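The values are calculated or read from the model by the stated rules, or taken from the named source; none is laboratory data. Not measured: the values here are computed from a predicted model. For neighbour counting, all protein chains shown are included, and Cβ atoms are generated from backbone atoms with ideal geometry for every residue, glycine included. When the accessible area is computed, the model is the full protein with side chains, heavy atoms only, and any ligands, DNA or RNA have been set aside. Shrake-Rupley method; radii C 1.70, N 1.55, O 1.52, S 1.80 Å.
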Amino acid sequence: MDYVTIEKKLSNQDKPPNMLGYQHSVSHFDWEQANSLIKGYKNGINIGYEAVDRHVEEGYGEQTALIFLGKNNQRQLYSYQQLQKSSNRFANLLKSLQVQKGHLLCSLTDRSPILYSAIIGCFKSGVVFSPLFSAFGPEPIKSRMEIGGARVLLTSARLYQKKIAPWHHECKSLRQVLLYDCKGQCPPGCIDLDQVLSQQSDNYQINKTTALDTALLHFTSGTTGEPKGVVHVHEAVIYHKYSGFCALDIHPQDIYWCTADPGWVTGISYGVISPLCNRATLVIDNAEFDPVRWYSILQQEKVNIWYTAPTAIRMLMKSGNEMSQQYDLSALRLLASVGEPLNPEAVVWSQKYLGKPFHDNWWQTETGGIMLANFIGENVKPGSMGRPLPGIKAGILKTDKLGNIVEVTTPGESGELAFKQGWPSMFRDYLFQTKRYQSCFKDDWYLSGDLAYQDDDGYFWFIGRNSDLIKSAGHLIGPFEVESALVEHPAVVEAAVIGIPDSVAGEIVKAFISIKPGFDPNDALLKSVMAHARKKLGATLAPREICIKKNLPKTRSGKIMRRLLKARELGLPEGDISTLESDENEIVNSNNET
Ligand code: ATP
Ligand code: MG
């Protein structure tokens, strides 16, 4: 699609980017530089130390680490030193409960201060941390805790009563349930955290962890099937710090806001670890998405770096252009997006209405960190995921006639997005699915399961997930291109495209869209969207059917679940829907064969 590259000219007021010149950084990169960003602890490496204690040791204990914004507009500040002490108390509590290195603690919490003390406390004591999303129902919580063999659960008294109490004693591995906000009424078999924490010492000797000790267990979003348990080690912190430094351009004391919930990998890797390691001040909002609230936070907190997701950006676009104009967003230096394909329309919109383009970047739970990015000082290509971080070798792979995996060398040719093994945050296993883990690696490549191509300038472009590709009349159609064209129609907010079986073409393209307020979901609108798609895409790529839905089905991390749309369309089993959040409601369906 013909979107113009946004040329980046940094004004005098801008801080010089951490990464000076892409080509220069790529050709001069060596891992020693990235490793040297990390101090190390007792000949080992520990995420908690790098994120917090190190800064206190270096004299920055007074700096604000966390700004908590409560649902009722309370505002609480925590310095690095306070976070050091509160995480020490948590680590001491774990020790007193005989929770040891390698044991698993799961969290099911809102975005409240105790969670941050617990995350850092776990790292410092070598206890493996696994976040669960607080909006999960009882079943997905139970199954994930059983798969992981959780020894400890951290949750609130409210969430416990609602989601855990009915099955608490069925989880064989579970020894301790730590509850906050008990208000003096702790249920039997649980520990009143607020009470016991206050008795713990502020001092804690960090438990030595090696580079290869397990630190984190993350469950994937479940967009393509059953969520997988992804294992990460302490060494990942090298890449958390380095990627935050060069892809998100985090400088010490930057005001940094990652909107992802800490129940997901982005909310931990870039919502906690990376910004703390880079000594930023983190904004943490405990309320749900609301455009007025979000714009107000950006203005009031003078946010410098804002890391968010396409769904939220599309919702801001839906709330109207005028709203964006009513706020002073001049403190923003970098707007970044991840998690789903970011339609070029959204990048152009933000450049126009927020004054800066969104910088898309790509990674997955398995990669543990950002692999491709549009960098702050570099040209932004709307619709592209950007280029590999210096030190990362990305490639597009295909299988040749002899069945060998080969790297595509012609720009524009599509294939599977892959990375040469060996970056520090690479996952180390799928829990209890080691064969599946091993099957992700061919020769010395890690295969991502996503399809993409690379252009002449080395930028990567997303086509779709392997499993979402549509094969129609001899053409391979990636959903992203079709969806991006659909959202350019003034009435369309979101679009999801699937292939449905057709006796002639093999598959035909069917689109599901949701529309902006003020537009009538009627046949005339469907015809107008259809005509727009044909004009933009031509008859081969344009959807043959379009259906208007009130909402598109999404995971709780905000990803559109195309597989669910397809299963429902074809009357097939829905599969694992434990991460399903918003569901669909059909309004109008077209079947336009003309
Ligand atoms: P599951 O593996 O359980 O199906 P998931 O792949 O959605 O779930 P995550 O690891 O949270 O779980 O998401 C990573 C995926 O999200 C990537 O493989 C890719 O498909 C998509 N993604 C992330 N960032 C981008 C981006 N910038 N552009 C396009 N797709 C993206
Ligand atoms: Mg995945």
Between Trp31 and Ser173, what is the label-to-label distance in nm when each label sits 7 Å out along the Cα-to-Cβ direction?
2.9
Put +1 on the Cβ of every Lys and Arg and -1 on every Asp and Glu Cβ in the chain; which of Gln325, Gln454, Ser274 then has its Cα farthest towards the positive end of the dipole?
Ser274
Helical contribution to [θ] at 222 nm, DSSP H n ≥ 4, -39,500 (n - 2.57), averaged over the chain, rounded to 500:
-7500 deg cm²/dmol
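State which stretch of the chain is the longest one without any exposed GluC sites (Glu not before Pro), exposure meaning a DSSP loop state and at most 14 other Cβ atoms within 10 Å. Before the final figure, lay out each step's value.
Numbers: sites that count: Glu7, Glu58, Glu62, Glu288, Glu413, Glu574, Glu593.
In short, 63-287.
How much accessible area per residue does segment 22-454 have, counting only protein heavy atoms and a probe of 1.4 Å, in square angstrom?
Working: 15870 Å² over 433 residues.
Solvent-accessible surface per residue comes out at 37 Å².
I'd like the trypsin sites (Lys or Arg not before Pro) in segment 297-371 restricted to DSSP loop residues with at most 14 other Cβ atoms within 10 Å, sorted by number.
On the way: sites: Lys302, Arg314, Lys318, Arg333, Lys352; in loops: Lys302, Arg333.
Listed in order of number, the matching sites are Lys302.
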Taking the simple approach of a point 7 Å from Cα along Cα-to-Cβ for both Ile500 and Thr409, what is their distance in nm?
4.4
Extreme residue, positive dipole direction of segment 22-454, given options Pro357, Cys440, Phe245 (C-beta unit charges):
Cys440
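Mind giving me the FRET efficiency for Thr5 and Arg428? R0 is 30 Å, r the Cβ-Cβ distance, nearest 0.05 is fine. It would help to have the intermediate numbers written out before the result.
Numbers: r = 38 Å, r/R0 = 1.26.
After rounding to 0.05, the efficiency reads 0.20.
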D for segment 469-591, whole µm²/s, Stokes-Einstein with Kirkwood Rh over alpha-carbon pairs at 10 °C and 1.306 mPa s: what number?
109
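For each pair in Lys172/Lys554; Lys42/Lys85; Lys442/Lys566; Lys42/Lys124, compute the distance between the two Cα atoms and list the pairs where it is over 22 Å. Intermediate values should be presented prior to the final figure.
Working: Lys172/Lys554 32 Å; Lys42/Lys85 20 Å; Lys442/Lys566 30 Å; Lys42/Lys124 12 Å.
As for pairs spanning more than 22 Å Cα to Cα, those are Lys172/Lys554; Lys442/Lys566.
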What whole number of Å gives the distance from the Cα centroid of segment 321-374 to the Cα centroid of segment 389-420?
27
Could you tell me how many degrees, from 0 to 90 and to the nearest 10, lie between the Cα long axis of helix 291-300 and the main elongation axis, the longest principal axis, of the Cα atoms of the chain?
50
Quick check: the distance between the Cα centres of segment 522-567 and segment 108-131, to the nearest angstrom?
40
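Assuming R0 = 22 Å, can you tell me the calculated FRET efficiency for the pair Asn203 and Asn43, based on Cβ-Cβ distance, to the nearest 0.05? It would help to have the intermediate numbers written out before the result.
Numbers: r = 22 Å, r/R0 = 0.98.
Between Asn203 and Asn43 the formula returns 0.55.
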In segment 20-126, the trypsin sites (Lys or Arg not before Pro) that fall in loop regions by DSSP, at most 15 other Cβ within 10 Å
Lys39, Lys42, Lys71, Lys101
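Suppose the chain between Ser439 and Asp400 were pulled fully straight at 0.36 nm per residue; how much longer would it get relative to their current alpha carbon spacing? Can you show the working numbers first?
Numbers: separation 39, 0.36 × 39 = 14.04 nm, distance 1.83 nm.
Separation in residues times 0.36 nm, less the Cα-Cα distance, equals 12.2 nm.
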What percent do you get for the relative contact order of segment 1-120 when only Cα pairs under 8 Å and 6+ apart count?
18
Can you give me the long-range amide H partners of Ile548? Hydrogens built in the peptide plane at 1.01 Å from N, cutoff under 5 Å, separation of 5 or more residues or another chain.
Ile513, Ile587, Val588, Asn589, Ser590
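Please give the charge dipole size of segment 22-454, origin at the Cα centre, charges +1 on K and R Cβ atoms and -1 on D and E Cβ atoms. Round to the nearest 20 debye.
Values: 41 positive and 40 negative charges, 166 e Å.
Dipole of segment 22-454, to the nearest 20 debye: 800 debye.
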Would you compute, for the Cα atoms of the chain, the largest minus smallest coordinate along each principal axis and list the three values in descending order, in whole Å?
74, 59, 56
With Cα coordinates, the longest principal axis of the chain makes an angle with the long axis of helix 344-353, in degrees rounded to 10, of 70
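Which of rounded, prolate or oblate describes segment 379-450 when judged by the alpha-carbon gyration tensor and an a/c cut-off of 1.5?
Details: a/c = 2.14, a/b = 1.25, b/c = 1.71.
Taking the square roots of the gyration eigenvalues as a ≥ b ≥ c, segment 379-450 is oblate.
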Among Leu316, Ile6, Ile38, whose Cα projects farthest towards the positive end of the dipole of the chain, with charges put on the beta-carbon of Lys, Arg (+1) and Asp, Glu (-1)?
Ile38
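Can you bin segment 59-102 into rounded, prolate or oblate? Criterion: square roots of the alpha carbon gyration tensor eigenvalues sorted a ≥ b ≥ c, rounded for a/c under 1.5, prolate for a/b above b/c, oblate for the rest.
Numbers: a/c = 3.77, a/b = 1.69, b/c = 2.23.
Note, shape of segment 59-102 comes out oblate.
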Computed label-point distance, nm, for sites Glu488 and Lys71 using a 7 Å Cα→Cβ extension:
4.2
Residue-wise HN-Hα coupling along segment 247-261, computed from phi with Karplus coefficients 6.51, -1.76, 1.60 (Hz; x: Gly, Pro):
8, 9, 6, 6, 9, x, 6, 4, 8, 10, 10, 9, 7, 5, 6
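Give the shape of segment 102-177 as rounded, prolate or oblate, defined through the alpha-carbon gyration tensor: a ≥ b ≥ c are the square roots of its eigenvalues, a/c under 1.5 means rounded, and otherwise the shape is prolate if a/b is larger than b/c and oblate if not. Write out the running numbers ahead of the final one.
On the way: a/c = 1.90, a/b = 1.22, b/c = 1.55.
Judged from the Cα gyration tensor, segment 102-177 comes out oblate (a/c at least 1.5, b/c at or above a/b).
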Within the accessible area of the chain (1.4 Å probe), percent carbon and sulfur:
48
Loop-resident sites, segment 282-347, for chymotrypsin sites (Phe, Trp or Tyr not before Pro), counting at most 15 other Cβ within 10 Å (DSSP):
Phe289
Placed amide H near Ala215: partners under 5 Å, 5+ positions off or other chain:
His232, Val233, His234
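Take the cross-link list Lys142/Lys435; Lys8/Lys381; Lys8/Lys516 and give me the ones stretching past 21 Å between alpha-carbons.
Numbers: Lys142/Lys435 24 Å; Lys8/Lys381 11 Å; Lys8/Lys516 31 Å.
Going by Cα-Cα distance, Lys142/Lys435; Lys8/Lys516 fall outside the 21 Å limit.
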